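Structure, as structure tokens:
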Amino acid sequence: MVKINALGKVCPLPVIETKKALEENDTVETTVDNEIAAQNLKKMAGQLGYDYQVKQNDAQSFTVRISKKNGGIASIYE
């Protein structure tokens, strides 16, 4: 699994970096600092048919884990 620290990066950079990492890896975990970026990552995963998990770490930090393995099952954990 690859981990991407996208804290402080505005969209679409977290999405672009995550999509690029998914070209070479089955699972990518991206940390972002706003809910819009987390939603954009979730939307991308859904469009690609990948699994995703969204975790809110604190008021301003989210971790989105995207996996190619099971094909489109979403879960949200808090």
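Quick note: the coordinates plus some simple rules give every number you see, no bench work behind them. Quick caveat: nothing in here was measured; it's all calculated off a predicted structure. Backbone-built Cβ (ideal geometry, glycine too); neighbour counts: all protein chains shown.
Data table
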quantity: Linear extension gain, GLN56 paired with GLU35, 0.36 nm per residue minus alpha-carbon span; calculated: 6.7 nm
quantity: Two-site label geometry, VAL2 and LYS68: point separation in nm, points 7 Å out along Cα→Cβ; calculated: 1.1
quantity: The chain: relative contact order as a whole-number percent, Cα under 8 Å and 6+ apart; calculated: 29
quantity: Inter-label distance for CYS11 and THR27, nm, one decimal - labels placed 7 Å from Cα along Cα-to-Cβ; calculated: 2.6
quantity: Protection-proxy order for peptides 32-42, 5-15, each taking the mean of Cβ atoms within 10 Å per residue, highest first; calculated: 32-42, 5-15
quantity: Proximal aspartates and glutamates relative to LYS68, as straight alpha-carbon distance under 19 Å, when same-chain residues fewer than 8 apart are discounted; calculated: GLU17, GLU23, GLU24, ASP26, GLU29, ASP51
quantity: Length released on extending from LYS43 to LYS20, taking residue separation times 0.36 nm less the Cα-Cα span; calculated: 6.7 nm
